[in-house]
Every structure is written in structure tokens, then in C-alpha cells.
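K.L.:
The structure follows.
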Amino acid sequence: MSGEEEENAAELKIGDEFLKAKCLMNCEVSLILEHKYEQLQQTSDDPMNQVSQVFEKSLQYVKRFSRYKNPDAVRQVREILARYQLAEFELCVLGNLCPETVEEAIAMVPSIKTRGRAQDDEAIEKMLTDLSLIKKFE
Amino acid sequence: MFFHIVLERNMQLHPRYFGRNLRDNLVSKLMKDVEGTCSGRHGFVVAVTGIENIGKGLIRDGTGFVTFPVKYQCVVFRPFKGEILEAVVTMVNKMGFFAEAGPVQIFVSNHLIPDDMEFQSGDIPNYTTSDGSVKIQKDSEVRLKIIGTRVDATEIFCIGTIKDDFLGVINDPTTV
């Protein structure tokens with residue numbers, strides 16, 4: 001596939017289908033999977049046997065790498081990031097990695113600068129401060 | 001990255017499942033069929049979260065099986081080239097190390113580990129800087145960039161690098 005070759009997340013080339021799709025941050029996935037796992041627990045004695053290996057590995061992974069634990073904080077993170085005209089994918093990378101400096105944020109999401117948006121360093125700085133505040137008050 | 005997307009699948013159902021539980025049967029069969037599968041295009045299907053709609057069934061000539069087109073929402077994990085993510089180291093050897101990010105395996109070759117990190121064999125093989133301040137071993141958490149993906153029918157495999165700014169170890173199990 002030629003489309004496969006051109007794929008590059010740094011330039012936000014992830015295919016139309018995924019660009020329009022809803023991205024999920026690790027903490028959001030964690031909420032969804034835990035909820036599903038609890039449902040399974042109610043209906044069967046040995047839920048770990050019921051789920052696929054992919055589910056189990058994903059659940060362990062998102063539990064380990066969730067930056068925000070409580071559902072309110074997760075919602076706030078999305079609200080704050082949504083103010084900055086980010087693509088879904090960029091929003092989630094920032095939410096997952098929680099960069100601390102402007103340089104780090106640009107290194108993690110290079111497309112933030114290249115897409116010709118009015119995203120200056122000051123705005124990025126403000127966004128990162130807002131994010132770290134949520135973490136602090138969680 | 002995890003995504004929440006809508007997929008479609010034609011489900012074949014045996015006539016013995018027809019009745020008032022038809023929908024439930026269809027949904028549980030769908031979950032059994034698709035959860036845990038992997039395709040190159042959509043990545044790993046982690047969990048079905050909802051049903052958008054179930055179309056009209058079509059009886060197959062000669063068998064009595066009925067095919068239903070089912071649209072469903074699901075959580076998928078799809079790695080992309082150029083994506084930066086965090087992963088857990090699962091194995092270290094002199095060729096490099098393997099790490100896991102959810103269902104996907106990522107290999108980081110020793111050419112893509114910073115030059116100042118040397119391989120140390122022993123009980124716990126690891127990569128360590130000359131001053132010993134940074135160490136990569138099993139269970140370390142690393143931040144890496146995916147630079148290549150290989151897709152086959154049932155698995156996606158990635159090649160990663162930690163030789164770039166802001167990449168590398170984020171959490172060392174020995175110091176916690």
C-alpha cells in the first residue's frame with residue numbers, strides 16, 4: 001500500500017480514517033477498560049479467562065501509564081487541551097506524555113509548529129502550566 | 001495510540017440462535033470474534049464498546065445461515081511511524097532491547113540506543129551509561145519513537161529508537 005509508506009505521525013500523516021477518528025488518552029482507555037472489566041466480573045467468576053490477551057495487556061499498560069486517575073481530572077485535561085485547536089492525535093500525545101517544557105512539547109508533537117497555526121511558544125507554555133496544575137490538584 | 005472508531009463486520013449466525021435473544025447472541029458472538037484480533041489497517045481491537053446498528057439479515061442460499069451487517073464501536077490500538085510513546089522493557093540482549101506498549105512489541109536495536117550506553121551481560125543484562133547514572137533493564141520504563149512498523153496478518157511489530165531528544169529511560173525499577 002502506498003498510503004502505508006507515507007505514514008508519519010510527526011507530520012500528522014496518519015490516514016484520513018484515523019485523523020477523523022476519536023483518539024483516546026491512556027487515562028481514558030483505562031476508565032473504559034476498567035469499566036468493562038468490572039462488568040465482566042459481575043457475570044463470571046474468572047474474568048481474566050474471558051478476556052483476550054490484547055485486552056489484558058492493554059489494561060496493564062494503560063494502568064501503568066495513566067497520568068491522571070480520577071475521571072474529573074481526565075475530563076479537565078481534555079477541556080483544556082481542546083482550547084488550543086489541536087488535532088485529536090496531538091491532543092492525546094500531549095495528554096499521555098505530559099511534557100514539562102516548550103522544547104519538549106515541540107519535540108513530542110512536531111506538527112504543533114509546522115501546521116501553520118498561530119501556536120507560539122507562549123501559548124504552549126500556558127497550556128503546559130494548565131496541565132501541570134490539574135496534576136497538582138488531582 | 002488508542003482510538004475509538006466505528007467498524008463494520010458481516011456476522012454469520014446459525015439458525016439455532018434465532019429467537020428473542022438474537023441480538024444478544026449476535027453481540028456476544030461479535031465480541032468473541034473481534035476482540036483481540038489485529039489487522040494492519042486498524043491495529044489491535046482491544047474492546048467492543050457499543051453497537052451502532054445491525055442491518056437487515058440476509059439468508060444464505062442452501063445453508064440457512066443468516067448474514068447480518070453489524071456496525072460497532074470499539075477501542076483499537078494502532079501504532080504509527082513517528083509516534084512517540086512510553087513502553088515497558090521486556091527483554092535486553094546485545095542486539096538491543098524489546099519493549100511492550102500495550103499489545104504491541106517494539107524492538108530497539110543497539111544502533112538506536114545512545115552511543116554512550118554500553119551493553120552489560122550478567123544476571124540482569126542491561127545497557128548502562130559509562131558513569132552508571134542511567135540504566136535500561138527488564139521492567140524499565142522508556143519513552144521511545146516508532147520509526148518503522150511491520151504488519152502481518154495477525155500481528156504488528158515495531159522498530160523504535162531512543163536516540164533523540166527527550167527520549168530514553170523515564171523510570172528505572174532499581175531506583176524506585
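Please treat every number below as a calculation from the coordinates, not as lab data. In this text, all values refer to a predicted model and were calculated from it rather than measured experimentally. Note: ideal-geometry Cβ built from the backbone for every residue, glycine included; neighbour counts use all protein chains shown.
K.L.:
No other cysteine beta carbon under 4.7 Å away is the test; run it over chain A and list who passes.
P.N.:
A:Cys27, A:Cys98
K.L.:
If you take every residue apart from B:Cys74 with its C-beta less than 12 Å away from the C-beta of B:Cys74, what net charge results, scoring Lys and Arg +1 and Asp and Glu -1?
P.N.:
+1
K.L.:
Considering Cα pairs under 8 angstrom that are at least six residues apart, work out the relative contact order of chain B and quote it in whole percent.
P.N.:
Relative contact order of chain B: 21 percent.
K.L.:
What angle do you read, to the nearest 10 degrees and between 0 and 90, between the alpha-carbon axis of helix B:22-34 and the longest principal axis of chain B?
P.N.:
Computed tilt is about 30 degrees.
K.L.:
Students often forget the sequence filter, so: which lysines lie under 19 Å Cα-Cα from A:Lys135 once same-chain residues fewer than 8 apart are removed?
P.N.:
A:Lys63, A:Lys69, A:Lys126
K.L.:
Looking at chain B, I'd like the Rg to Rh ratio, where Rg is from alpha-carbon atoms and Rh is Kirkwood's inverse mean 1/r.
P.N.:
1.18
K.L.:
What number, rounded to the nearest 500 deg cm²/dmol, is the helix-based mean residue ellipticity at 222 nm of chain B, given -39500 (n - 2.57) per DSSP H run of at least four residues and division by all its residues?
P.N.:
The helix contribution divided over chain B gives -2500 deg cm²/dmol.
K.L.:
At q = 0.15 Å⁻¹, what log₁₀ I(q)/I(0) does a Debye calculation on the Cα points of segment B:68-133 give, no solvent, two decimals?
P.N.:
After summing over all Cα pairs, the log10 values are -0.59.
K.L.:
Using the Kirkwood radius over Cα pairs, work out the Stokes-Einstein diffusion coefficient for the protein assembly as shown at 25 °C and 0.890 mPa s, in µm²/s as a whole number.
P.N.:
116 µm²/s
K.L.:
Counting other Cβ atoms within 10 Å, which GluC sites (Glu not before Pro) in segment A:41-128 have at most 15 and lie in a DSSP loop?
P.N.:
A:Glu100
K.L.:
Just need log10 I(q)/I(0) for segment B:2-77 at q = 0.13, 0.19, 0.27 Å⁻¹, Debye formula, equal scatterers on the alpha-carbon atoms, no solvent, rounded to two decimals.
P.N.:
-0.40, -0.77, -1.26
K.L.:
How many Cβ atoms of partner chains, on average, are near each residue of B:1-11 if near means within 10 Å of its Cβ?
P.N.:
5
K.L.:
In whole Å, largest first, what are the principal axis extents of the Cα atoms in segment A:2-129?
P.N.:
So the three principal-axis extents are 54, 40, 21 Å.
K.L.:
Would you work out the relative contact order for segment B:2-77, in percent, from Cα pairs under 8 angstrom that are 6 or more residues apart?
P.N.:
46 percent
K.L.:
Let me ask you something else. Name the most mobile residue of B:Gly96, B:Gly19, B:Gly50, meaning the one with the largest mean-square fluctuation, in a Gaussian network model of chain B with Cα contacts below 10 Å.
P.N.:
B:Gly19
K.L.:
How about B:Lys56: which lysines have a C-alpha closer than 26 Å to its C-alpha, ignoring those fewer than 8 places off in the same chain?
P.N.:
Partners within reach: B:Lys29, B:Lys32, B:Lys71.
K.L.:
If each residue's Cβ is checked for other Cβ atoms within 10 Å, how do B:Thr154, B:Thr49 rank with the fewest at the top?
P.N.:
Ordered from fewest to most neighbouring Cβ atoms within 10 Å, B:Thr154, B:Thr49 come out as B:Thr154, B:Thr49.
K.L.:
Mind checking which of A:Asn70, A:Asn26, A:Asn49 has the largest fluctuation in a GNM of chain A, springs on alpha carbons under 10 Å?
P.N.:
A:Asn49
K.L.:
Between A:Gln42, A:Gln60, A:Gln76, which gets the highest mean-square fluctuation from a Gaussian network model of chain A, Cα cutoff 10 Å?
P.N.:
A:Gln42
K.L.:
How high is the FRET efficiency from A:Thr101 to B:Met95, r the C-beta distance, R0 30 Å, rounded to 0.05?
P.N.:
0.35
K.L.:
Right, next: Could you state the number of Å between the C-alpha centres of segment A:12-82 and segment B:80-106?
P.N.:
Spelled out, the Cα-based centre of one part sits 20 Å from the other.
K.L.:
For segment B:27-123, what does the equivalent ellipsoid look like in terms of its semi-axes, each the square root of 5 times an eigenvalue of the Cα gyration tensor, given largest first in whole Å?
P.N.:
44, 13, 11
K.L.:
In square nanometres and to one decimal, what's the mean projected area of the convex hull around the Cα atoms of segment B:84-171?
P.N.:
Spelled out: convex hull of the Cα atoms, projected over all directions, averaged, 5.6 nm².
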